[in-house]
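Here's the structure, in structure tokens; my notes come after.
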Amino acid sequence: MKLKIALFFSIVILSVFLIYLTLLDKSISYLAVGDFLTVGVTAETSRNYSFTDYVYEYLEEKNVVDEYIKEFADNTYRTTDLIRDIKDNKKIDIEGKTRTLKNALIKADLVTVSIGTNDVISIMSSENSNSNFYDYLDSILVDMDELFSLLRQYCKEDIIVIGYYNPYFGNKKFDSAFSYMNTKVNYLSQKYGIKYVDIYDLYESNLDFLPVVNDIHPSSKGYSSIFDMVKPILDDTILK
């Protein structure tokens, strides 16, 4: 009789433990890093609302998200800024608690990254830019390779990188530059086991995503459309 009782309680304890592990495994820490796309700077309003906020809402609806951090992002960031922040282990305060970027990367079950657009715009707008501007773009890609290596060094889980659109519609030089970047960064993503979201054609066919002429920032609809492309990746990876 005592053996049966002991066996019963053992089964109950094991069941509770397995349920705990299941719930614990689905408690997702989401880190969003990068530039204005991560911050969510919007062309037509003063409200910042990024595709990352839609990702967070979606995870919250699924009852799987434990924390959401995007305070490391900055709308002016270039690739080297994010590299510096990781190497320096940048610290921020969230609700009275100090968090470091390396710790956030290590803890993260999901990381989304948007970076590189400011780099390209700076180089392409420079007076030093010439017919050999691909040499300048290649220098960005060297930084991008270093960044991806750093991200993978600290985060072993799912990383999603957002590609590029041409914010200056009709400018063929920028078309060539961002198309080139999409191809090369997609390749680097595969090298490091990172999911890549190519949004180039999406923006080319929806000019309302960039409602203000010469403003590089998307509309609210532009941000939600980026999320629409990220969502299937979430369904097939972290939510599977």
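Some observations on this one:
- Each 10 Å bin, from zero up to the one with the longest distance, holds this percent of the alpha carbon pairs of the range 38-80: 25, 45, 26, 3.
- Cα-derived Rg to Rh of the range 149-240, Kirkwood definition: 1.01
- Springs between Cα atoms under 10 Å define the GNM used for the chain, and in it the highest mean-square fluctuation of I123, I159, I140 occurs at I123.
- Loop exposure criterion: GluC sites (Glu not before Pro), DSSP state outside H, G, I, E and B, at most 10 other Cβ atoms within 10 Å. Applied to the chain, the longest stretch between such sites is 128-240.
- Computed from the Cα positions only, the extents of the range 62-190 along the three principal axes stand at 49, 28, 25 Å, in decreasing order.
- When only Cα pairs below 8 angstrom with a gap of at least 6 residues are kept, the chain shows a relative contact order of 22 percent.
- Normalised per residue, the accessible area of the range 77-225 is 47 Å², obtained with a 1.4 Å probe and no contribution from ligands, DNA or RNA.
- Between D53, D143, D88, the Gaussian network model of the chain with springs among Cα atoms under 10 angstrom shows the greatest mean-square fluctuation at D88.
- Across the range 206-217, coupling constants 3J(HN,Hα) worked out from phi with the 6.51/-1.76/1.60 Karplus curve, θ = phi - 60°, read 9, 5, 6, 6, 10, x, 10, 4, 6, 9, 6, 8 Hz, and Gly and Pro carry x.
- Compactness of the chain is given as radius of gyration and Dmax, 20.9, 88 Å, from Cα positions.
- Annotation note: trypsin sites (Lys or Arg not before Pro) in the range 87-170 located in DSSP loop regions with a Cβ neighbour count of at most 13 within 10 Å are K156.
- The value of relative contact order for the range 141-189, using C-alpha pairs under 8 Å at least six residues apart, is 49 percent.
- Expected 222 nm ellipticity per residue - DSSP helices of 4 or more, -39500 (n - 2.57), all of the chain, to 500: -17000 deg cm²/dmol
- Accessible carbon and sulfur surface of the chain relative to its total accessible area, %, 1.4 Å: 53
- Lysines with Cα under 21 Å of K70, excluding same-chain neighbours fewer than 8 positions away: K26, K62, K87, K90, K91, K97, K102, K107, K156, K195, K221, K231
- Gyration tensor (alpha-carbon) shape descriptor, the range 130-173, a/c threshold 1.5: oblate
The values are calculated or read from the model by the stated rules, or taken from the named source; none is laboratory data. This structure is a prediction, so every number in the text was calculated from the model and none was measured. Cβ coordinates were reconstructed from backbone atoms using ideal geometry, including for glycine residues, and neighbour counts include every protein chain displayed. For the accessible areas, the whole protein counts, side chains as well, though only heavy atoms, and no ligand, DNA or RNA atoms are used. Shrake-Rupley method; radii C 1.70, N 1.55, O 1.52, S 1.80 Å.
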